[in-house]
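No value in this document is a laboratory result; all are computed from the given coordinates. Here the structure is a predicted model, which means the values were calculated and not measured.
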Amino acid sequence: MPRIIRGLEDQRRRLYPDLVAELVGELREGRPFGQPLIHEQRFPETNAVRTTIIWDKWASIADDERVATILQAYEEAEGREFRDRIALAMGLTVPEAYDSGLLPIQIVTALRNTDSVTPEQCRQAMIDAGASVVSGPDHPILRFATLDEAERTVRRLTELLPDSEQVWVITQEVSRIPD
């Protein structure tokens, strides 16, 4: 099989300047809730970094263009030296991250007739808290890598929608059987 070697300089042109600018803003002053979800793993012994950016705005963008966008944003936000430490960069939508096993925890609603909030209010609160709507705006999906992230988001949902404490349920998949 042929060996094909490409350098990062091949990807220097800006394909998505608006996404780069938005991601730079998130890297510099990220929000506590919403998308993108930026997961970094740092390896002290090698000084390498692995970053996964989960963002529905990747939906129509090819994988290599996602990586180039991520690397450009890191270079602008953190400098070239930090960007050069990135050993692996991935950009995934929420459904892609879920399918990859990265987001096993989900917040769902358990509405009862006696609850003082409506399904529409819950849907909007979920979207306001950063839910994925790639599958459609009528079916927002809130997924997380950790229980802590989900618990913080439930607190945020309760702030956004008072009297909804009993509505939010955190579920966690124990394992998935591939299709």
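The table that follows gives values for the structure above.
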| quantity | calculated |
| --- | --- |
| Karplus-derived 3J(HN,Hα), 6.51/-1.76/1.60, for each residue of region 130-138, Hz, glycine and proline x | x, 4, 6, 10, 4, 7, x, x, 7 |
| Shape category assigned to region 104-172 from the gyration tensor of Cα positions, a/c cut at 1.5 | oblate |
| In degrees, nearest ten, helix 17-29 long axis to first principal axis of the chain (Cα) | 70 degrees |
| 3J(HN,Hα) from dihedral phi, region 145-157, Karplus parametrisation 6.51/-1.76/1.60, rounded to Hz, x for glycine, proline | 7, 10, 5, 4, 4, 5, 5, 5, 6, 4, 4, 5, 4 |
| Alpha-carbon Rg with Dmax, taken over the chain, Å | 18.4, 65 |
| Residues whose placed amide H lies under 5 Å from that of Leu92, excluding near-sequence neighbours | Ile53, Ile54, Trp55 |
| On Cα atoms only, tilt of 63-78 relative to the major axis of the chain in degrees | 90 degrees |
| Mean ellipticity per residue at 222 nm, deg cm²/dmol - from DSSP H runs of n ≥ 4 across the chain, formula -39500 (n - 2.57) | -11000 deg cm²/dmol |
